[in-house]
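Student: Once you've had a glance at the structure underneath, I'll fire off some questions.
The values are calculated or read from the model by the stated rules, or taken from the named source; none is laboratory data. Keep in mind that this is a model prediction, so the values were computed, not measured. Methodologically, a virtual Cβ is constructed for each residue, glycine included, from the backbone with ideal geometry; neighbour enumeration extends over all protein chains shown. To get the accessible areas, we keep the full protein, side chains included, count just its heavy atoms, and leave off ligands, DNA and RNA. Shrake-Rupley method; radii C 1.70, N 1.55, O 1.52, S 1.80 Å.
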Amino acid sequence: AAIYLMMDRSGSMSYEKTYIAKSFYFWMVQFLKRRYKNVSLVFVAHDSKAHLVTEEQFFGVASSGGTVCSSAFEMAYNHIQENHPPSTWNNYVFEFSDGDNWTEDNYLCLEYVNKLLPMVRAIGYGEIVLDNEPTPWLSEDRRLSSVLEDNIKRTRFVSIKISSRDEVFDALKMFFNIDGRSSGQEEAS
């Protein structure tokens, strides 16, 4: 399996939001390394541009810069095509962001998620929205989660919101049940 771990490191990702994203990924990596012998972990950190990074760099990144979430989805798409063809790899893509993305780019993310779906076993999108860090300039319908959830009705796509550190393990459980979930929806091939 190839697991793509993507994390927004833009300026709007506060210390607490980054801590939550890194906590989720830390525990995910521990679980994967203990459970699977042959797993390829691909770490992508992005602000306005996506960067392939080492595991150490991924967990050490600080926040700065603007946000272009599609850069991470585009990098995953290209990397899967070049390195992990779906005919021989079970690919999984996970993205964590605070959803504070350019409106036009939300639709580019949607395009890439739709292009990725036939190439992956699952795509998970986690959005960190903290009650004590409101984003008054960002209406709910302009969040990346809203665009993705409103337009993708596939069992292989799971979107969740996390509002505190306490929800990290629930999010992990939800994402790792991704293949066993039954929503009653037909899966298009």
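Student: When the chain is fully extended, how far beyond the present Cα-Cα distance does residue 176 get from residue 83, taking 0.36 nm per residue of separation? List each step's numbers first, then the result.
Tutor: Working: separation 93, 0.36 × 93 = 33.48 nm, distance 2.34 nm.
This chain segment gains 31.1 nm when fully extended.
Student: Over the chain, with a single point scatterer placed on each C-alpha, what log10 of the ratio I(q)/I(0) does the Debye formula yield at q = 0.18, 0.20 1/Å?
Tutor: For the chain, the Cα-only Debye profile gives -1.29, -1.67.
Student: Would you mind telling me the share, in percent, of accessible area of the chain contributed by carbon and sulfur at probe 1.4 angstrom? If you can, show how the numbers build up before the last one.
Tutor: Numbers: 4610 of 9300 Å².
Roughly 50 percent of what the probe reaches on the chain is carbon or sulfur.
Student: Could you calculate the contour length gain from residue 107 to residue 161, that is, 0.36 nm times the residue separation minus the distance between their Cα atoms, to one decimal place in nm? List each step's numbers first, then the result.
Tutor: Working: separation 54, 0.36 × 54 = 19.44 nm, distance 1.92 nm.
Computed gain between residue 107 and residue 161 is 17.5 nm.
Student: Further question: Within a Cβ distance under 11 Å of residue 50, other residues only, what is the Lys/Arg minus Asp/Glu net charge? Provide the component values of the computation, followed by the final result.
Tutor: On the way: positive: 9, 49; negative: 8, 47, 74, 95.
Within the 11 Å Cβ shell, the charges total -2.
Student: Ok, one more. What list of ³J(HN,Hα) values in whole Hz, one per residue of the stretch 49-61 in order, does the Karplus curve 6.51 cos²θ - 1.76 cosθ + 1.60 (θ = phi - 60°) give from phi, with Gly and Pro shown as x?
Tutor: 9, 8, 9, 6, 10, 7, 4, 4, 5, 4, 7, x, 5
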